[in-house]
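To keep things clear, I will list the structure first and then write my remarks on it.
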Amino acid sequence: MSPDTHTATAPEAAAKPGRSEERSRAARRRRVVVLFCRAALLVLVLGIWEWFSRSGIIDPFNFSMPSKIWGQIQQWLLHGTPQGSLGEQIWYTLYEALLGWVIGVFGGVVLGIALGRVRFLADVMGPYIKVLNALPRIVLAPIFLIWFGLGPASKVASAVVLVFFPVFFNAFQGAREVDRHLIDNARILGARDRQVTFQVVIPAATSWIFTSLHVSFGFALIGAIVGEYIGATKGIGLLVSASQGTFNSAGVYAAMVILAVVALLAEGLLTFMENRLFRWKPADSEAR
């Protein structure tokens, strides 16, 4: 290697940390701007809503207003709901949604990977999966209520049927999209079918599966809420139903706000787990 090469590459190597630090600062500035814009948009929407309700542009009886909704949440926090403490209602809904989500994800991943790997099984089961997916699954909630009663089982069943299909289709597609060269190379090295599935196919399909998890937890919450709305003894869905029955629009919106906060926290937890699991993947900006 000539001395000229050393003199040419040394400044470039010294400049790389500087560029990296500059990109990090730009990314931090962008995150701050995005957070500020989100907060400003929320304040703007709530302010317009409050103003419209107080000035009579929209009917406060039907649309309520942010201050009344906050007052309802405070009342539930300090004095509890007619069905018990607010924490108990949240935990009841979260328990049903989480249990339904875990069962639905497990079933969707196992069946999706199995059908993605075994073409004969996919050919046999394919039409039945499509027919079941075409059914309006929300209308199954009253049937589950008849089958399993007012307890958590009927809400868990509603959550399972909503979660299963998006996870199944992503796992199935992920198993089908695995690079054939990876599978061929594993077989050349002597890997058996089980080893190919667990060491090549499932890791390659993980990003597909995680994509569906973000959406599917929202579906699990919807399944639990719909089940509670139709018939339950506890839960946020029951709060919505009871508030609607007493024409308390602030209570309906307050329950929706609590549900949104729970969904956001769950989404944040999933994103954190995904980032931890996929630390080895380069970021989009780095890849480019």
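The values are calculated or read from the model by the stated rules, or taken from the named source; none is laboratory data. Nothing here was measured: the structure is a model prediction, and the numbers come from that model. Please note: Cβ atoms are built from the backbone with ideal geometry, for glycine as well, and neighbour counts cover all protein chains shown. Ligands, DNA and RNA are excluded from the accessible area calculation, which covers all protein heavy atoms including side chains. Shrake-Rupley method; radii C 1.70, N 1.55, O 1.52, S 1.80 Å.
Miscellaneous remarks
- In this Cβ point-charge picture (+1 for Lys and Arg, -1 for Asp and Glu), segment 19-68 has a dipole of about 500 debye about its Cα centre.
- Kyte-Doolittle at least -1.0, axis length at least 18 Å by Cα - qualifying DSSP helices, the chain: 3-55, 66-79, 86-117, 119-134, 152-176, 202-230, 249-277
- Ratio Rg/Rh [Cα only; Rh per Kirkwood] for segment 72-145: 1.22
- Most positive-pole-ward Cα, His79, Leu94, Leu111, against dipole of segment 18-122 from beta carbon charges: Leu111
- Tally of Lys pairs whose C-alpha atoms are under 30 Å apart, taken over the chain, 8 or more apart or cross-chain: 5
- Taking the charge dipole of the chain about its Cα centre, with +1 at Lys and Arg Cβ atoms and -1 at Asp and Glu Cβ atoms, the residue from Gly126, Thr211, Met65 reaching farthest to the positive side is Thr211.
- Ranked by how many other beta carbons lie within 10 Å on average, peptides 26-39, 140-153, 175-188 from highest: 140-153, 175-188, 26-39
- The distance from the alpha carbon centre of segment 142-201 to that of segment 247-280 is 24 Å, rounded to a whole number.
- Test item: Cα-centred dipole of segment 93-239, Lys/Arg +1 and Asp/Glu -1 on Cβ, debye: 200 debye
- Rg/Rh, computed from the Cα trace of the chain with Rh as the Kirkwood radius, has the value 1.11.
- Convex hull of Cα atoms in segment 96-187, direction-averaged projection (nm²): 6.7 nm²
- Measuring only protein heavy atoms, the 1.4 Å probe finds Lys130 accessible over about 150 Å².
- For segment 51-115, pairs of C-alpha atoms spaced more than 15 angstrom apart make up 69 percent of the total.
- Each Lys and Arg contributes +1 and each Asp and Glu -1, all at the Cβ; summed about the Cα centre of the chain, the dipole is approximately 380 debye.
- Rounded to the nearest whole angstrom, the semi-axes of the ellipsoid equivalent to segment 155-288, taken from the Cα gyration tensor as √(5λ), stand at 41, 18, 9, largest first.
- Heavy-atom accessible surface of the chain: percent carbon and sulfur, 1.4 Å: 68 percent
- Based on protein heavy atoms only, the chain ends up with 63 Å² per residue of surface accessible to a 1.4 Å probe.
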